[in-house]
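Okay, so here's the structure we're looking at.
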Amino acid sequence: MTCRSIEPLLKRLGLAALLALAATACAGADKPEFTAAELSRIAAHGPWPLPWMADPGNRVSGNASAIRLGYALFFEPRLSANRRVACASCHDPARGFQDGRTVARGLVTGTRNTPGLLNVRHQRWFGWDGGHDNLWSASLRPILDPREMGGKASRVARVLRSKSTLDCHYAGAFGKRPDAGDPELLVNVAKAIAAWQETRGSPATPFDEFRDALQRGDAQTAAAYPAAAQRGLRIFVGRGQCATCHAGPLFSNGEFGDIGMPFFIKPNGVDPGRQGGIKRLLANPYNLLGAYNDDATRNNATGTKFLRPEHRNFGEFKVPSLRNLTLTAPYMHNGSLATLREVVRHYSELDEDRLHADGERILKPLHLSEEESSDLVAFLESLSPAAPLPAPVVPPIVAACR
């Protein structure tokens, strides 16, 4: 009889003292002994945080004036046609820059969940369908979309000129004052917003502390990581094969896959996923192949250059990062799963018939027991910071703009 099978028995018998004693005795016994291969897979999910890398396609990436301007504009509702909608309306800092809704408003109204923005600077493609290949282009779209903010260059110019500090920060970042009606101004505003979004990272988590402790051989610190999370981690890197797609420190390979989620849109229609995203991306004048890419070498556009929509991309959606999961419910591209336990159940009871012919054939039903499901949930929860994230700090006003 195992420790986990003894404890429910003691609970039913009401033997509280023995239950406490059993819990103490079993604390170490129920923790897995990781193999060398498992330890190697665990190590591959770090270190965290990742080092800063500027975006070569955005010349104001890391620029203090642009960051200050981008912060102000992210929370500025006057950029919208009705003067009530800001970027922060859908990307709430208290929710990991998500909105808690099942589906978002805007370009794909009623079909897709709002993605969070934490650690967004480490992404390669943006949006559930990868319809953008750079962060500033993804930031520009909702400003212009009439179903979201409905902005335009002249409106943005008026907002910039309405406050001397905004005008000053723009000049500090781009070397000139904002010009009304200039299409470049809109792109520059999006690049400033992107520069601020790049500063939104998340701190180390209980998992990171455990991983680092294993790396340095610190058994005492490693022992503080809950036994259930350790057992769930073993499923994650082992027979669950979760790390195949949710790879690396970000817990995402940054690509797209079919995981058997429905892609039909009510009342009728289909969400093509990655296939449609590739078509939108290639038609977008603000992609990295276009004139607004600040990387003169165009090395950052290689992935976009060779993209072609293929049949296998139909119904594929982005593999999201698993960091900060407790902040960003509901889950999946359509927000159809309300809790992490529902997510685990989806993979445990996976209907392989829902995978299209070119789907992720590595996926098989895991057939997890209730205890194993709980363990996997415990691990996933450990990928979020133990303490609530602090509110965004207002970047200091650049001295020249005081």
### Task
Take the range 159-188 and flag every residue that is among the aliphatic types (A, V, I, L, M) and under 22 Å from Arg402 (Cβ atoms).
Val159, Leu160, Leu166, Ala171, Ala173
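Yes or no: the range 247-257 includes at least one residue that is part of a loop (DSSP other than H, G, I, E, B), out of contact with any helix residue (DSSP H, G or I) (no Cβ under 6 Å at 6 or more places or on another chain), polar (S, T, N, Q) and surrounded by fewer than 17 Cβ atoms within 10 Å (Cβ to Cβ).
Within the range 247-257, one or more residues are part of a loop (DSSP other than H, G, I, E, B), out of contact with any helix residue (DSSP H, G or I) (no Cβ under 6 Å at 6 or more places or on another chain), polar (S, T, N, Q) and surrounded by fewer than 17 Cβ atoms within 10 Å (Cβ to Cβ).
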### Query
Just one of Leu288, Leu250, Leu307 is in contact with a Ser or Thr (Cβ under 6 Å, 6 or more places away or on another chain), farther than 23 Å from Asn113 by Cα and among the aliphatic types (A, V, I, L, M); which is it?
Leu288
### Query
Among the residues of the range 207-217, is any under 30 Å from Arg274 (Cβ atoms), in contact with a helix residue (DSSP H, G or I) (Cβ under 9 Å, 6 or more places away or on another chain) and in contact (Cβ under 8 Å) with a residue 60 or more places away in the chain?
yes
### Task
With respect to Phe264, determine if the residue is modelled with pLDDT under 95, among the aromatic types (Phe, Trp, Tyr), crowded, with 17+ Cβ neighbours inside 10 Å and within 29 Å of Arg101 (Cβ to Cβ).
no
### Message
Condition first: surrounded by 13 or more Cβ atoms within 10 Å (Cβ to Cβ), closer than 30 Å to Gly151 by Cβ, β-branched (Val, Ile, Thr) and modelled with pLDDT under 95. Can you find one or more residues in the range 56-70 that meet it?
### Response
no
### Message
Take the residues in the range 295-311 that are within 14 Å of Phe256 (Cβ to Cβ) and surrounded by 15 or more Cβ atoms within 10 Å (Cβ to Cβ); name whichever of them is modelled with the lowest pLDDT.
### Response
Pro309
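Matching residues to (1) of a type in the set (Ser, Thr, Tyr); (2) crowded, with 19+ Cβ neighbours inside 10 Å; (3) under 30 Å from Asn313 (Cβ atoms):
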position	(1), (2), (3)
Leu350	no, no, yes
Leu366	no, yes, yes
Glu371	no, no, no
Phe379	no, yes, no
### Task
Evaluate the range 169-191: report whether one residue or more is within 30 Å of Ser348 (Cβ to Cβ), under 24 Å from the mean Cα position of the chain (by Cα) and of a type outside the set (A, V, I, L, M).
no
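Tell me, yes or no, whether the range 279-298 has at least one residue that is under 30 Å from Ala229 (Cβ atoms) and out of contact with any helix residue (DSSP H, G or I) (no Cβ under 6 Å at 6 or more places or on another chain).
Within the range 279-298 (the criterion being under 30 Å from Ala229 (Cβ atoms) and out of contact with any helix residue (DSSP H, G or I) (no Cβ under 6 Å at 6 or more places or on another chain)), the answer is no, since none of the residues qualifies.
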### Message
All but one of (1) closer than 26 Å to Ala338 by Cα; (2) surrounded by 18 or more Cβ atoms within 10 Å (Cβ to Cβ) hold for Val270; state the number of the condition that does not hold.
### Response
(2)
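The values are calculated or read from the model by the stated rules, or taken from the named source; none is laboratory data. Note that the structure is a prediction, hence the values are computed from the model and not measured. A quick note on method: Cβ atoms are made from the backbone with ideal geometry, for glycine too, and the neighbour counts reach across all protein chains shown.
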